[in-house]
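For reference, the structure is listed below as structure tokens.
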Amino acid sequence: MKRRDFIKGCAAGLGLVATTCLRMMAAPFLPVDGSNQIFVLIFLRGGCDGLGLVAPASDQVYQDARPPALKVMDRGKEAGLLLDNGLAGEGFRLHPKARALHELYEQGDLAILHACGLPNGTRSHFEAMELIERGLLKKSGRAEGWMARYFNAMAPEGLIPAAATSGNLPAAMQGYGKAASLSKLEDFNLLDFVRKPDLLRKWYGKSDLLGQAATSTLDTIRYVQQELVSPQGRKIMDQEGAYPDEWPGEELSNSLQTLAQMIKLDLGVQIGQVDFDGWDTHEHQQYHFPNRVEALSEAIAAFYNDLHAYHDRLTVLVMSEFGRRLRANRSSGTDHGYGNMMMVLGNKVKGGRMYGHWPGLAPDQLDKGVDLAITTDYRQVLGEILTQRMGLGSVGKVFPEFELGNRLGFLA
């Protein structure tokens, strides 16, 4: 087999790693100092119903627009969880299944923003997710994601600065050479048919960029595998937290636990992304939505508790590509909407209150008469986190043709 044939079909050496998407790293192998800031993005794919998760429950327009099964009640035994310090004098409430999130809000670690999103009017899942992950407002020829632009601008040290737990590398990380996506840390290893790392080192050598990248990747794999069997690594991998382990939260829990393990092993994670899908509730939302809300709430709380030693360095953002319409449809669901909530978690967050500008739900206040209007560009929220917590100097390096407005003030 020729050297070039071995890597044919592998994106810069992806074939070296089992069940893992890893971009080969041209930068030299570097240890981590365990002091970097950590930003975790939890992406709710499918268009989460933000008016069902964080509801203006005291608004009569809201109460009149939906049947009882698809709205948050403002009184009675089924009432939602009241949020102090809401917006525009409205009595906002969390969905009653979001108890763990409500506890984080009340203890001052969780802030909630509303009427946020991609301000270009699309209600297409594919287009909205693509633009958000590229950090753009409209289609362009740019192929890299916003996370890739951040890392290329910051040039961080460490083994795996960008980590995802999905099967494929998220579009936001595409274009950065030290991004990895894996579902289980134990799978971060050579493929079964490639078990001769010393031979591979000689095969690739260090004379060109590909050889440097291959050597760096082999060094990273060796380091991770050594850490996994070390006393600290075994302890971390054997830990069992209070993550929900039943459907629909099992997959989210596994992803968050894998990311937590990577963080606790000090692999240099600076930005991590976790996806949680299944929010496209066109039909029978009353059955699917509450279960997902509870799973999301419990898994986030477990993840935050798992990383208690990292609270000074950790910021978590929860978002979706768009919200859903104010009024229910005829299939006991809600159709693609526009404005949505975002949630920010961390002990450097000014939690226990809501942020943003609430546009209202009256017919003349809705976007096109049907959707919650967007008053906060999603890039404003990301930009404040990147500049205030992640060391970025100018958001223009990450979000082309966008400038930060007045700070919303949700970060300490």
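The values are calculated or read from the model by the stated rules, or taken from the named source; none is laboratory data. None of these values were measured; they are calculated from a predicted model. Note: ideal-geometry Cβ built from the backbone for every residue, glycine included; neighbour counts use all protein chains shown. Areas reflect the complete protein model, heavy atoms only, side chains present, ligands, DNA and RNA absent. Shrake-Rupley method; radii C 1.70, N 1.55, O 1.52, S 1.80 Å.
Does any residue of region 139-162 turn out to be out of contact with any strand residue (DSSP E or B) (no Cβ under 9 Å at 6 or more places or on another chain), within 21 Å of ASP371 (Cβ to Cβ), open to solvent by 30 Å² or more (accessible area, probe 1.4 Å) and part of a loop (DSSP other than H, G, I, E, B)? Checked against the condition, which is being out of contact with any strand residue (DSSP E or B) (no Cβ under 9 Å at 6 or more places or on another chain), within 21 Å of ASP371 (Cβ to Cβ), open to solvent by 30 Å² or more (accessible area, probe 1.4 Å) and part of a loop (DSSP other than H, G, I, E, B), region 139-162 yields no hits at all.
Determine if region 355-367 includes at least one residue that is in contact with a Pro (Cβ under 7 Å, 6 or more places away or on another chain) and either in contact (Cβ under 8 Å) with a residue 40 or more places away in the chain or not hydroxyl-bearing (Ser, Thr, Tyr) (or both). Steps first, answer last, please.
So the first thing to find is which residues in region 355-367 are in contact with a Pro (Cβ under 7 Å, 6 or more places away or on another chain), and the list is 361, 365.
With the extra rule that they be either in contact (Cβ under 8 Å) with a residue 40 or more places away in the chain or not hydroxyl-bearing (Ser, Thr, Tyr) (or both), the set shrinks to 361, 365.
For region 355-367, residues in contact with a Pro (Cβ under 7 Å, 6 or more places away or on another chain) and either in contact (Cβ under 8 Å) with a residue 40 or more places away in the chain or not hydroxyl-bearing (Ser, Thr, Tyr) (or both): present.
Only a single criterion out of (1) in contact with a strand residue (DSSP E or B) (Cβ under 7 Å, 6 or more places away or on another chain); (2) surrounded by fewer than 19 Cβ atoms within 10 Å (Cβ to Cβ); (3) farther than 22 Å from LEU70 by Cα; (4) of a type outside the set (Val, Ile, Thr) is not satisfied by ARG123, namely (3). Quick one: is VAL229 open to solvent by 50 Å² or more (accessible area, probe 1.4 Å), farther than 21 Å from LEU41 by Cα and not charged (D, E, K, R)? Here the answer is yes, as VAL229 does meet what is asked. Does at least one position in region 388-400 carry a residue that is modelled with pLDDT under 95, closer than 27 Å to HIS288 by Cβ and surrounded by fewer than 19 Cβ atoms within 10 Å (Cβ to Cβ)? No; the residues of region 388-400 include none that is modelled with pLDDT under 95, closer than 27 Å to HIS288 by Cβ and surrounded by fewer than 19 Cβ atoms within 10 Å (Cβ to Cβ). Looking at (1) over 22 Å from GLN270 (Cα atoms); (2) open to solvent by less than 50 Å² (accessible area, probe 1.4 Å), which is the one condition that is false for GLY346? Checking GLY346 against (1) over 22 Å from GLN270 (Cα atoms); (2) open to solvent by less than 50 Å² (accessible area, probe 1.4 Å), the one that fails is (1).
Touching a helix residue (DSSP H, G or I) at 6+ places or on another chain (Cβ under 8 Å) and farther than 23 Å from GLN107 by Cα: does that describe ARG324?
Working: touching a helix residue (DSSP H, G or I) at 6+ places or on another chain (Cβ under 8 Å): yes; farther than 23 Å from GLN107 by Cα: yes.
Criteria met by ARG324.
Yes/no matrix, rows are residues, columns are (1) farther than 30 Å from ALA309 by Cβ; (2) modelled with pLDDT under 95; (3) among the polar types (S, T, N, Q):
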| residue | (1), (2), (3) |
| --- | --- |
| SER35 | no, yes, yes |
| LEU44 | no, no, no |
| GLY52 | yes, no, no |
| ARG66 | yes, no, no |
| LYS77 | yes, yes, no |
| LEU82 | yes, no, no |
| GLU103 | no, no, no |
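From the list ARG353, ARG379, the one residue that fits, being open to solvent by 20 Å² or more (accessible area, probe 1.4 Å), over 21 Å from VAL269 (Cβ atoms), modelled with pLDDT of 95 or more and not aliphatic (A, V, I, L, M), is ARG353.
Condition (residue is outside any loop (DSSP other than H, G, I, E, B) and among the aliphatic types (A, V, I, L, M)) applied to region 326-339: is it met by at least one residue? Scanning region 326-339 turns up no residue that is outside any loop (DSSP other than H, G, I, E, B) and among the aliphatic types (A, V, I, L, M). Hey, could you check region 273-293 for residues that are out of contact with any strand residue (DSSP E or B) (no Cβ under 9 Å at 6 or more places or on another chain) and on the phi < 0 side of the Ramachandran plot and say which is most open to solvent (accessible area, probe 1.4 Å)? In this case the residue turns out to be TYR287. For region 383-395, a residue qualifies if it is small (Gly, Ala, Ser) and under 21 Å from the mean Cα position of the chain (by Cα), and the qualifying residues are GLY383, GLY391. Summed over region 116-136, the residues that are out of contact with any helix residue (DSSP H, G or I) (no Cβ under 8 Å at 6 or more places or on another chain) and not in a loop (DSSP other than H, G, I, E, B) give a count of 5.
I'd like the residue in region 226-285 that is small (Gly, Ala, Ser) and over 20 Å from the mean Cα position of the chain (by Cα) and, out of all such residues, is modelled with the highest pLDDT.
Here is the first cut: in region 226-285, the ones small (Gly, Ala, Ser) are 230, 233, 241-242, 249, 253, 255, 260, 268, 272, 278.
Pick out the ones that are also over 20 Å from the mean Cα position of the chain (by Cα) and you get 230, 233, 241-242.
Details: SER230: 84, GLY233: 79, GLY241: 71, ALA242: 88.
Applying the filter and picking the extreme gives ALA242.
Among all residues of region 55-62, there is at least one that is surrounded by fewer than 16 Cβ atoms within 10 Å (Cβ to Cβ), at pLDDT 95 or above, among the β-branched types (Val, Ile, Thr) and over 27 Å from MET390 (Cα atoms). GLU250 fulfils the conditions (1) under 14 Å from LYS184 (Cα atoms); (2) surrounded by fewer than 23 Cβ atoms within 10 Å (Cβ to Cβ); (3) touching a strand residue (DSSP E or B) at 6+ places or on another chain (Cβ under 9 Å) except for a single criterion, (3).
Would you mind stating whether LEU104 is in contact with a His (Cβ under 7 Å, 6 or more places away or on another chain) and open to solvent by 10 Å² or more (accessible area, probe 1.4 Å)? Judged against the criteria, LEU104 is not a match. Being of a type outside the set (Lys, Arg), surrounded by fewer than 17 Cβ atoms within 10 Å (Cβ to Cβ) and under 18 Å from ARG45 (Cα atoms) is true of ASN168.
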